[in-house]
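Structure first, commentary second.
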């Protein structure tokens with residue numbers, strides 16, 4: 001939105017002669033300059049009939065003399081700002097009609113919320129709590145590209161290449177089912193059917209290819225591994241249970257926050273201890289017991305939705 005406003009100001013300055021063609025080209029590039037000039041050519045095609053001031057004044061005087069009524073004269077200068085504003089609105093309306101801005105479709109989940117999204121080609125995305133996906137619906141037939149922030153399970157129909165870009169990786173497939181969890185600096189990609197290629201962001205390494213049951217973990221709080229996992233039909237979080245296999249406690253605590261909207265105070269607790277287990281999404285007290293009793297960690301829930309942790 002900010003970029004659009006800056007372009008509007010630039011166009012207005014160019015139309016008023018405050019900046020040159022070369023300046024516009026240096027800022028926006030030759031393609032945009034050509035677009036601006038095309039717009040002006042179109043506007044210039046709207047011809048305005050010549051106005052004979054003397055003739056029209058004689059007609060007005062004759063009509064006033066015949067009516068013999070007092071006439072109030074209004075200066076157009078008073079309304080010039082409104083006329084100018086209306087002209088500007090018309091100009092930019094024509095501009096955006098001729099050169100429309102591509103619209104991005106996005107979906108966002110809140111704390112403890114999961115939603116299902118059907119993509120334009122019939123592919124399905126199951127979006128976990130506190131996550132977001134976005135894609136360009138207008139360009140979908142040419143490019144099946146999705147951006148992800150958080151966690152999502154993808155059921156992709158066969159067709160052209162399908163790409164999911166997240167903060168820490170790019171995942172490409174043809175037709176398959178897979179799960180991506182990408183939060184902060186921690187990435188986990190699990191393949192359920194078909195094959196997926198995972199390329200770490202800002203990496204010159206070749207893509208890692210995962211087959212059914214294959215998992216890749218990478219980040220600050222994971223043991224960086226490529227291995228196998230016990231594969232069910234879908235990720236457990238879709239059925240209301242978050243499961244973990246040798247992941248650092250910090251990741252489990254983060255997911256508890258995503259599902260229940262609670263904060264944690266960790267008093268001399270080692271967050272890099274590894275946890276294997278699960279917790280449910282519909283009962284906070286039970287979920288806390290399932291995690292922290294197994295880790296021999298005491299916890300107290302305050303009225304402010306804060307959980308204080310202490311070693312037993």
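The values are calculated or read from the model by the stated rules, or taken from the named source; none is laboratory data. Just so you know, these numbers come straight off a predicted model, no measurement behind them. Because the Cβ atoms are built from the backbone with ideal geometry, glycine has one as well, and the counts that use them run over all protein chains shown.
Would you mind finding the one in 202, 185 that is loosely packed, with under 15 Cβ neighbours inside 10 Å and closer than 22 Å to residue 242 by Cβ? Spell out the reasoning first.
Numbers: 202 fails: closer than 22 Å to residue 242 by Cβ.
Matching residue, one of 202, 185: 185.
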Go through (1) in contact with a strand residue (DSSP E or B) (Cβ under 6 Å, 6 or more places away or on another chain); (2) in a loop (DSSP other than H, G, I, E, B); (3) not assigned by TED's automatic domain parsing to the domain that holds residue 185 and name the single condition residue 266 misses. (2)
So which of 299, 218 ends up being assigned by TED's automatic domain parsing to the domain that holds residue 184 and buried (at least 16 other Cβ atoms within 10 Å of the Cβ)? 218
Is it the case that segment 238-250 has a residue that's assigned by TED's automatic domain parsing to the domain that holds residue 292, over 23 Å from residue 191 (Cβ atoms) and modelled with pLDDT of 90 or more? yes
Residues of segment 251-263 classified as crowded, with 19+ Cβ neighbours inside 10 Å and either out of contact with any helix residue (DSSP H, G or I) (no Cβ under 9 Å at 6 or more places or on another chain) or in a strand (DSSP E or B) (or both), total: 2
Residue count for segment 127-169, restricted to those that are surrounded by 23 or more Cβ atoms within 10 Å (Cβ to Cβ), in contact (Cβ under 8 Å) with a residue 60 or more places away in the chain and within 21 Å of residue 195 (Cα to Cα): 1
Out of curiosity, is residue 193 under 19 Å from residue 127 (Cα atoms), in the same structural domain as residue 167 (by TED's automatic domain parsing) and within 26 Å of the chain's Cα centre (by Cα)? no
Of the residues that sit in segment 221-244 and are in contact (Cβ under 8 Å) with a residue 60 or more places away in the chain and buried (at least 19 other Cβ atoms within 10 Å of the Cβ), which one is nearest to residue 124 (Cα to Cα)? 235
